[in-house]
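Chemist: I'd like to ask you about the structure that follows.
Throughout, read-outs are computed from the coordinates displayed, never taken from laboratory work. No experiment lies behind these values; they were computed from the predicted model shown. We place every Cβ from the backbone using ideal geometry, glycine too, and count neighbours over all the protein chains shown.
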Amino acid sequence: MTIGKGYWSVPEGRVVRLDTVVAQWEVNRKKLTVPEHPHWVDLTGRPVLGVDVAVEELLGIRQYEWTSDKARGGAVYVEQDGRQAFVPGVPGPVKWQAIKDGMAQGRIGDPIKVWVTPYEAIVGEGNHRVGIAAELGIRTLPVEFFYEHDGYWPRKPVPDWYEEQGREATDEFIQTGGAWSRERSPELGGHIDTLLERARLLRERRANPQELRLSQKDARLLVEELETGTGGLAELAARKPAVVDFSQQALYDIFGPTVALYRILSLHQGDEARADTVVSTTTDPRQLLHIAEETTGAYFTTTSMQILSKTLIRYDVPIDRCLVFVPALCEAAWEQQGAYLDRLRLMARTRERVEARTVLEAFCGEQEVVADVTDIPPTDQMPYYPNAAQRLVVKGVAHGTWMGGKAYVRWLKTELSTHYDFKFVDGRFEADPEGARQAAREFNALARRTRSFFAGSL
């Protein structure tokens, strides 16, 4: 932490606690400065300056606890054919989904505005986005703080009638084809059509929630596949179409019409990746990195050792191309066949008997999605660096523990005896403070690259 006259700051990427912000203002009358190098983007793709704050903390200080059913209607940014525009007169539930679609792709919008008094902090602008971030599993959001010397900001419950109003407004929006919005912005016809499509899908899913019935045979197949990984999940989806419908609805409820999916690919050096078809992926960057650590980087043949390079791949996949969402299936299996699964024992890959409960608990947290990405090009690719110091930066960003370049260089020196402030010249070591500064800049650049790769998922 750096303290200056009237201001204080934290390293780039460090998550700030709200009680620290309030205490600095209450005791020292100091304001928190924003970082120089933003790693967020707004709805038009421009950088957003803000301090990282945990979504869990922001949820506790919302002035209005909006939800997808109880959302305030109004104008919203919409992207259609690569062009973004501001559409007025959108019903609350449709507006919520449109914002969610953008946030799932990393377009966070303006910083969340938090008002700070000597007694408390409260979200003044961005209450919808804080709730949406929690639904998406986003861990932190950029925040801009505004300071008051006195005052109290009351929290206001959202009335129940908002839910009925939202349904009625959505139905009217569909029936009139968005007439009110078209009258005021006739040039935005394509954007309004995009919103109408979302509105119809919302109404359809509300009217026809997908149900799934799993037999004991289905439950056993799920557990066996999680343990052995022999392709049985795709077979289950092909044999039981309700699995696909159920998975797609569960994914849509969390991520909207498009979901960011991640996988790792290991290739011989110099080889090119083949086009993917049906693949196993995860929605969780932390699980991706765990899998990357567990994936071998080399193997031996009878004549040599073969080195593999690991590449992290991101796909932004339409929901209708997702086949199986494992966490939703696990939950359904427990609800419907819990007694059977409690008794079930099966042969593990280690040729030992294992309890079904143990398998489900171990594998369902991986947030696995089986998806058909045929003809869907990767949105982004990033090497999983062989250098340990670089890998720790990627992990720190993914887990919300990144401390900033300068602090990281000091940590490497203290904890791992890795020195960037010396260089070897003419057979001896010489002090090189610029080397440490350059390393800090490179690590910060890698942290920004990692956030860009995982945009919308952290």
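Chemist: What does the helix-only formula give at 222 nm for the chain: each DSSP H stretch with n ≥ 4 adding -39500 (n - 2.57), the total divided by the residues, and the result rounded to the nearest 500 deg cm²/dmol?
Modeler: Details: 16 runs with 191 residues, N = 458.
Result for the chain, helices only: -13000 deg cm²/dmol.
Chemist: What dipole magnitude, in Debye to the nearest 20, does region 216-383 give about its Cα centre under +1 on Lys/Arg Cβ and -1 on Asp/Glu Cβ? Present the calculation step by step, with values, prior to reporting the outcome.
Modeler: Details: 16 positive and 26 negative charges, 102 e Å.
Here the size comes out at about 480 debye.
Chemist: To continue, here is another question. Just check region 216-383 against the gyration tensor rule for me: Cα atoms, a ≥ b ≥ c as the square roots of the eigenvalues, rounded for a/c under 1.5, and otherwise prolate or oblate depending on whether a/b exceeds b/c.
Modeler: Judged from the Cα gyration tensor, region 216-383 comes out oblate (a/c at least 1.5, b/c at or above a/b).
Chemist: Looking at region 80-181, which chymotrypsin sites (Phe, Trp or Tyr not before Pro) are DSSP coil and have at most 11 other C-beta atoms within 10 Å of their C-beta?
Modeler: Working: sites: F86, W96, W115, Y119, F145, F146, Y147, Y152, W161, Y162, F173, W180; in loops: Y119, Y152.
Here the chymotrypsin sites (Phe, Trp or Tyr not before Pro) that fit, given the DSSP loop and packing criteria, are Y152.
Chemist: Could you line up R182, R239 from fewest to most neighbouring Cβ atoms inside 10 Å? Before the final figure, lay out the partial values.
Modeler: On the way: R182 17, R239 11.
Placing the least packed residue first, the sequence is R239, R182.
Chemist: If you plug each phi of region 407-415 into the Karplus form 6.51 cos²θ - 1.76 cosθ + 1.60 with θ = phi - 60°, what whole-Hz ³J(HN,Hα) values come out, in order, with x for Gly and Pro?
Modeler: So the Karplus estimates, Gly and Pro as x, are 5, 5, 4, 5, 5, 4, 5, 6, 8 Hz.
Chemist: Using the Cα gyration tensor of the chain, with a ≥ b ≥ c the square roots of its eigenvalues, what is the shape: rounded (a/c below 1.5), prolate (a/b larger than b/c) or oblate (neither)?
Modeler: Numbers: a/c = 1.73, a/b = 1.03, b/c = 1.69.
Oblate, since a/c reaches 1.5 and b/c is not below a/b.
Chemist: Between region 350-404 and region 409-458, what is the C-alpha centre distance in whole Å?
Modeler: Answer, in whole Å: 25.
Chemist: Going by Cα centres, region 136-208 and region 242-275 are how many Å apart?
Modeler: If you average the Cα positions of each part, the centres end up 28 Å apart.
Chemist: Among 434-446, 217-229, 72-84, how do they line up by average Cβ neighbours within 10 Å per residue, starting with the highest?
Modeler: On the way: 434-446: 17.7, 217-229: 19.3, 72-84: 15.5.
Ranking, from highest mean packing down: 217-229, 434-446, 72-84.
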